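Novice: Next up is a structure, given as structure tokens.
Computed from the coordinates by the stated procedures, all read-outs in this text should not be read as laboratory data. The shown structure was predicted, so the numbers you read here are calculated from the model rather than taken from an experiment. All Cβ positions, even for glycine, are placed from backbone atoms using ideal geometry, and neighbour counts span all protein chains on display.
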Amino acid sequence: MEWWKDTIIYQIYPRSFCDSNGDGIGDLPGITSRLDYLRELGVGAIWLCPVYRSPNVDNGYDISDYRSINPEYGTMADMDRLIYEARRRNIRILMDLVINHTSIKHPWFQKSRDRNGPYANYYYWSKGDGDGGLPTNWAGFFNGDCWEFDVERCEYYLHLFAKGQADLNYHDPAVLDEIKKIMRFWLDKGIAGFRFNAVNLLWKDSLENSKKRSALAGQEYYLSNNGTHNILRQFQKVWDEYDAFTVGEAVFVTPAMARDLCAPERKELDLVFSSEHMECDQRSGNKWLKKKFRPKLFFDSIIKWQRELDWNALYLENHDQPRSIPRFGSKTYWKKSGKLLATLLLTLRGTPFIYQGQEIGMTGFDFSRIQQVNDVESRNVDYILKRYRVPKSIRWKIVSRTSRDNARTPFQWTSERHAGFTDGRPWLGVNHNYPKVNLEDQLDDPSSIWNWYRDLCALRKSSDILRRGDFFPLEATEQVFAYRRDLYGQELTIALNFSDSPARTACRGKLVKSNCKRQQFDGKLQPWEAVILDSTEEGGMP
Ligand code: BGC
């Protein structure tokens, strides 16, 4: 059953969502206490970022026990209760399962240090190049080396991400079996499926030196290769038994690669998160080197993916990306541009994912120094830049614009202390704009970003055209993005003005919704105006 084609999914970063016990860290009972809120918003499923036991080198993406809950988030009983209470409200739970690597604190890794034991090959171990150098010249995703020497085993282990995250070696069939058992464990609890990270890197063909440019070095040995497709097909047999839904984050993925991962006949994943649209404000694919946001590039990328994939995982924010309003919208037109971005997200073809706080227009952090940042990746980048003697102010400019902590500040529930997130001291600084940007105030304000999200979620739910209709691009300029959705001759046209100045569009139709006050639509869009038009009679454009 393809329920996920008719659902809006909400992503929760548990650490920052809602703290129930005053320790400054969000937790599972906190999430359970907000299920009615999520129902009210109109979401049908939650993607829960990792809550497993973990030393938190990368906030849970380094798992040390897949079958237990990190005590800071609660207990397994709390998890069972969350699943139960969510189901009572028709909300499904998707677990974020990290299967490319584990924490080096995981017992498998500890036992893997014994070269002769049964776990010896659970990870990629290598002696080095023989001359005292690293085994390969591959680049790590966290901007550093991807080999670490282990003194106990006297060998290097591979970690494509942080040092504390050792890559699992699927060449050993026992690893596949272990992960299958873990999947069953969670599916038996009644969860609806999984989100996987780095899902197209699972299989490393061989550990050889790369001929590619340094930032991409190594990819030819691990990116979207047959080995990974085989692994996914093995897993799919388990998912199939439970009718589980799966979405995978794929890195450096092209539409062709994405199709290979999620075309139904291939029996791998249901959906793929791609990131090309997130790269349109980056220089040469490096997320730390930002350039001015050019709307047209962004629109063209969206059009490309809408055309090339039958069904997309739609998102503008997540826990790895800076917030969308300061990035793609306008600080001056905060509310209007927040609503416009919501309109984009909720009117494209695919499954929309709303990231916590996006629905109230949260903006990035307002920290002023690196010590306020927790994220391991940001800290690494700062450290490397420092090694290259980049001055502090420039380092901060680079890190603060892109840091993942921009999206990880605590959810702003109220205008009370710590934004109502906790009674204690929040693990990460709350943005000081919470007296102005918070849920409580927005619930009561019919013109709020939150109410716009709720209305659009409801509109999408009631509209077969928005959920299932085809997508046709109409206009994509530096200012305006317009497209049509149609189903069996019924049409809706969406026109969005991504600029601080008025704009014209050739789109016409009966006004269904606008984020500006108006009764009808004459083709003139106000700054950051978003309109949805019923263009069934008009054919979208004259
Ligand atoms: C997660 C990141 C994490 C990375 C490495 C990604 O899928 O979204 O937050 O750092 O995987 O585990």
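Novice: Restricting things to alpha carbons, find the Rg to Rh ratio for the chain using the Kirkwood radius for Rh.
Specialist: For the chain, the value is 0.96.
Novice: Any chance you could run the full-extension gain for Glu2 through Ser447? It's 0.36 nm times the residue separation minus the Cα-Cα distance, nm to one decimal.
Specialist: Difference between extended and current length: 156.8 nm.
Novice: I would also like to ask the following. Please compare each pair in Lys211/Lys291; Lys287/Lys524; Lys212/Lys392; Lys5/Lys513; Lys287/Lys436; Lys296/Lys386 to a cut-off of 25 Å on the Cα-Cα distance and tell me which ones are over it.
Specialist: Result: Lys211/Lys291; Lys287/Lys524; Lys212/Lys392; Lys287/Lys436; Lys296/Lys386 exceed 25 Å.
Novice: Averaged over every viewing direction, what's the projected area of the C-alpha convex hull for segment 234-321? Give it in nm², one decimal, please.
Specialist: 6.5
Novice: Let me ask another. Using mean Cβ contacts within 10 Å as the protection proxy, how do 506-513, 443-450 order, highest first?
Specialist: Final packing ranking: 506-513, 443-450.
Novice: Further question: So how much slack lies between Lys127 and Arg387, counting 0.36 nm per residue of separation and subtracting their Cα-Cα distance, in nm?
Specialist: Extra length available between Lys127 and Arg387 comes to 90.9 nm.
Novice: With r defined as the distance between the Cβ atoms of Asp470 and Asp243 and R0 fixed at 35 Å, what FRET efficiency is calculated, to the nearest 0.05?
Specialist: Efficiency, rounded to the nearest 0.05: 0.85.
Novice: Can you list, bin by bin at 5 Å, the percent of alpha carbon pairs in segment 484-542, starting at 0?
Specialist: 5, 23, 32, 23, 13, 5, 1, 0
Novice: Using per-residue counts of other Cβ atoms within 10 Å, averaged over each peptide, order 346-357, 384-395 from highest down.
Specialist: 346-357, 384-395
Novice: Follow-up. Name the residue from Ile465, Thr493, Leu428 whose Cα lies farthest towards the positive end of the charge dipole of segment 370-514, charges +1 on Cβ of Lys and Arg and -1 on Cβ of Asp and Glu.
Specialist: Positive-end residue among those listed: Leu428.
Novice: Calculate the length of the line joining the C-alpha centroid of segment 81-143 to that of segment 252-331, in whole Å.
Specialist: Here the two parts' Cα centres lie 26 Å apart.
Novice: Around Arg417, what is the net charge, scoring Lys/Arg as +1 and Asp/Glu as -1 over all other residues with Cβ under 11 Å from its Cβ?
Specialist: It works out to a net charge of -1.
Novice: What is the percent of Cα-Cα separations in segment 296-397 that go past 18 Å?
Specialist: For segment 296-397, the share of Cα pairs beyond 18 Å comes to 59 percent.
Novice: Let me ask something additional. Using the Cα centre as the reference, give the magnitude of the dipole from point charges on the C-beta atoms of the chain (Lys, Arg: +1; Asp, Glu: -1; all else neutral), rounded to the nearest 20 debye.
Specialist: Dipole about the Cα centre, nearest 20: 1380 debye.
Novice: Let me ask another. What does the net charge come to around Asp300 if you take all other residues with beta carbon closer than 14 Å to its beta carbon, with K and R at +1 and D and E at -1?
Specialist: Surrounding charge for Asp300 is -2.
Novice: Moving on. Expressed in nm to one decimal, what extension gain is obtained for the pair Arg213 and Leu289 from 0.36 nm per residue of sequence separation less their Cα-Cα distance?
Specialist: 25.7 nm
Novice: Quick check for me: using +1 on Lys/Arg Cβ and -1 on Asp/Glu Cβ, what's the dipole size of segment 136-283 about its Cα centre, in debye to the nearest 20?
Specialist: With only Lys, Arg, Asp and Glu charged at Cβ, the dipole is about 160 debye.
Novice: Here's another thing I want to ask about it. Along the positive direction of the dipole of the chain (beta-carbon charges: Lys, Arg +1; Asp, Glu -1; about the Cα centre), which of Tyr156, Ile384, Gly140 reaches farthest?
Specialist: Going by the charge dipole, the pick is Ile384.
Novice: Whole Å is fine, so just give me how far the alpha carbon centre of segment 444-510 lies from that of segment 362-439.
Specialist: Cα centres, segment 444-510 to segment 362-439: 33 Å.
Novice: Using a cut-off of 15 Å between beta-carbons, work out the net charge of the residues near Ile325 (Lys and Arg +1, Asp and Glu -1, Ile325 not included).
Specialist: The answer is +3.
Novice: Quickly rank 14-22, 236-244, 158-166 as a protection proxy: mean count of other C-beta atoms within 10 Å, highest first.
Specialist: With the highest mean Cβ count within 10 Å placed first, the list reads 158-166, 14-22, 236-244.
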